[in-house]
Each structure stands twice: as C-alpha cells, then as structure tokens.
Amino acid sequence: MHATLPSAKALVPFVSVENMMRLVHHVGIEPFLKELSDYIEQDFRRWESFDKTPRLASHSRDGVIELMPTSDGTNYSFKYVNGHPKNTRNGFQTVAAFGLLADVLNGYPILLTEMTLLTALRTAATSAMAARHLAPRNATTMALIGNGAQAEFQALAMKAVVGINHVRLYDVDPAATAKAARNLEGKGLQVTSCRTAEAAIEGSQIITTCTADKQNAQILTDNLVGSGVHINAIGGDCPGKTELHPDILLRADTYVEYPPQTRIEGEIQQMSEDFPVTELWKVIAGLDNGRRDDRQITLFDSVGFAIEDFSALRYVRDKLSGTPFSQDLDIVADPDDPRDLFGMLERAR
C-alpha cells in the first residue's frame, strides 16, 4: 500500500474520555463549571440566532437514543446521546454521548469529543446558570434527590455558581447516597445524608430532582414543597417520565428551555397544552421576569437542549488551545484534487 500523510484539512481534533478528564483537572472542576455556565448564559442571551428543533428521538422499551442538532449560522453542532435507565444493572452507563462541532462555511468538522462526561458537566452548569436567575438570593442549602451519576456535578456547580455550602442527599438506594457523600468529601461542602426526601428538603432553598427511572413518578408531592424555594427538575427527559406531582406545577412559576420539546418531555407533559411557561432565555435577556419575591416558587423544568451542548463544545474548543489534551484524527477524505476522490483511493494501492 502506498502511504501518504493526510493534510491538515483531513485532521480533526478529538477529545477522548481520558483527555476530557485531563482537561477538567487542568482547569479545575469548579472553575470549569463556572466558566461553562457563563458560556451557556452567553448563548442563551443570543437564543434567537440559533436554529432550534426538538431532538430526534428513537424510543424503545428499554430507553431512548437521540440526536440533538443546532447552529448559530457560523458553527453547527450535534450530540448523539442515549438514556437507558436499566443499564447500570449490567455495568453500563445510563447515558453515553459524543458530539461534533463543524464550520458552517465549508461543512468540515472542527471538533469531535466524548460527551458522556461533558453532558454531566453542561447539565450541572445549566442548572446553576438557571438558579443564578431563579433561586432565592443568598441560597445556602440544596436538597439533592437522586444521587446517581449526575449528583456530584450538580452539587459542585451550585457551589461554584450560586454559592451554596450545604447539600442534603437522598436516594431510594442508600448506596448511591453513600457514594455521593464519599465523593463530595473535602470539596468545601457540608454534606448531610438523609433517609427520606422530606428530610432532605428540610431547610433547603434549592431542591434538585435527578432520578433516572423511565416512568411517571412523584418524587416530590405538593405537601413537601413550601413557599420561596427553587425547584430544579432535571430527571424528566422523555415522554412518560416525570418526577413532580402536578399540583406543584399549579403553585409554581415554570421556566423552560424550548417549549415544543419540554411539552413533550418535561414535567409540563402532565399539564394542558396551554399551561403557562416562561422561556428561560427571555429572563436572561431581560425580556421577562425571573424571581420576583421571597415567597415565589420557581421551577426550572429542564430537559436539556442542543444549544447547551453547542455551548459546551464551543467552550471545550476554546480551552483546548495550547494544551496537549486532544489528538488529531484522519476522518475527512482529502484528495489532492477535490474532484478526484476515486483517484485518491486508487493511488492508495
């Protein structure tokens, strides 16, 4: 075989899981989460400049596989991601993902990266960014109901961005709570492990629900939720999967990412089609109200949206500059004559 070296046009920076971990530790996890939340907020401020569509989902009995595309006219991105709640029984992640950023001018990819870790980081950064606008001022304590793979990221993002110093943990599986408490040791947080959701909520100004079961559950019932709290509901992400009793939504002011997607996948799938919601980008852009008073219950009905992944890819590409935390992959054919793809193949004999 005749070997020829690929040109720079053929090479795409790739961030493996190993290099993503190195990048996070290079930056520091809390600075990473804080900076990423700022990138996401920047893109929410220019929300109207993006292509938007509900994610393309392929549902099966055991889970869902999704594609999440968007573009701001200069760059295009997509993420491939699954959600299979039973996976952990067999040693697999509930969520696995990868993503790509491309140049709209010529369609060439400019970054390919793992997004299993990055999705956890961007989900937490988005939660904290929303809480910055919706949570009670000077919130110090959060309840974290559901202590699986997302839990520690959520706690550290709220610490870095909102300033909480106390997290109260609860999971139906005590081993998950023990795992989260162990991982949060030495991270500058007071950690309290609780035996019930009600105990976790006690004294908390922010309540985050992040459970994985693919069902209509009632992790929070109306009697558990007092006035003045912010609820960060991130577990709902597909039809038939919710975490909150509908009576909570009747008392709360609900904020969403992209209504056509959230009405299918979020907590508001339980409500009528005309149930009132506020798009979060409008609050961030100063076009609508966030938290108005100390007694208001705010609810961020977060299902995850492609613009957040775009922000994460944009952030990683910027942070890679001058670091060794990527490798070049030869994944774009690059013949000497762009019209002679077959000739390139023939000359490779």
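Overview of results
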{"read-out": "Computed lengthening from F342 to M271, 0.36 nm per intervening residue step minus Cα-Cα distance", "value": "19.9 nm"}
{"read-out": "Magnitude of the charge dipole, region 136-304, Cβ model with Lys/Arg +1 and Asp/Glu -1, debye to 20", "value": "600"}
{"read-out": "Efficiency of FRET from Cβ geometry, D51 and A285, R₀ 22 Å, rounded to 0.05", "value": "0.75"}
{"read-out": "Whole-number D in µm²/s for region 59-124 (Stokes-Einstein; Kirkwood sum over Cα pairs; 20 °C, 1.002 mPa s)", "value": "165"}
{"read-out": "The chain - mean residue ellipticity at 222 nm from DSSP helices (-39,500 (n - 2.57) per run, n ≥ 4, rounded to 500)", "value": "-9000 deg cm²/dmol"}
{"read-out": "Mean separation of Cα contacts under 8 Å (6+ apart) over length of the chain, as relative contact order %", "value": "22"}
{"read-out": "Label-zone membership for region 25-53, site I264, 7 angstrom Cα→C-beta point, backbone N under 16 Å", "value": "52-53"}
{"read-out": "At R0 = 45 Å, FRET efficiency that the Cβ-Cβ distance of E185 and D330 yields, to 0.05", "value": "0.55"}
{"read-out": "Gaussian network model of the chain, springs between alpha carbon atoms under 10 Å - residue of M21, M142, M158 with greatest fluctuation", "value": "M21"}
{"read-out": "Dipole axis of the chain (+1 Lys, Arg; -1 Asp, Glu on Cβ), positive-most option in S77, A181, N232", "value": "A181"}
{"read-out": "Estimated distance in nm for a label pair at S16 and A217, the labels positioned 7 Å out from Cα along Cα-to-Cβ", "value": "3.5"}
{"read-out": "Debye-sum result for the chain in log10 I(q)/I(0), which assumes one identical scatterer on each alpha carbon, at q = 0.13 Å⁻¹", "value": "-0.98"}
{"read-out": "Over region 136-304, relative contact order from alpha-carbon pairs under 8 Å, at least 6 apart, %", "value": "22"}
{"read-out": "Derived scalar couplings ³J(HN,Hα) [region 68-80; Karplus, 6.51 cos²θ - 1.76 cosθ + 1.60; whole Hz; x for Gly, Pro]", "value": "10, x, 6, 8, 9, x, 9, 10, 10, 9, 8, 10, 9"}
{"read-out": "Mean-position separation - Cα centroids, region 253-268 and region 1-45, in angstrom", "value": "29"}
{"read-out": "Dipole in debye (nearest 20) - the chain, about Cα centre, beta carbon charges: Lys, Arg +1; Asp, Glu -1", "value": "660"}
{"read-out": "Per DSSP, loop GluC sites (Glu not before Pro) in region 139-225 with at most 13 further Cβ within 10 Å", "value": "E185"}
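Quick note: the coordinates plus some simple rules give every number you see, no bench work behind them. Not measured: the values here are computed from a predicted model. Every residue, glycine among them, receives a Cβ derived from its backbone with ideal geometry; neighbour counts consider all protein chains shown.
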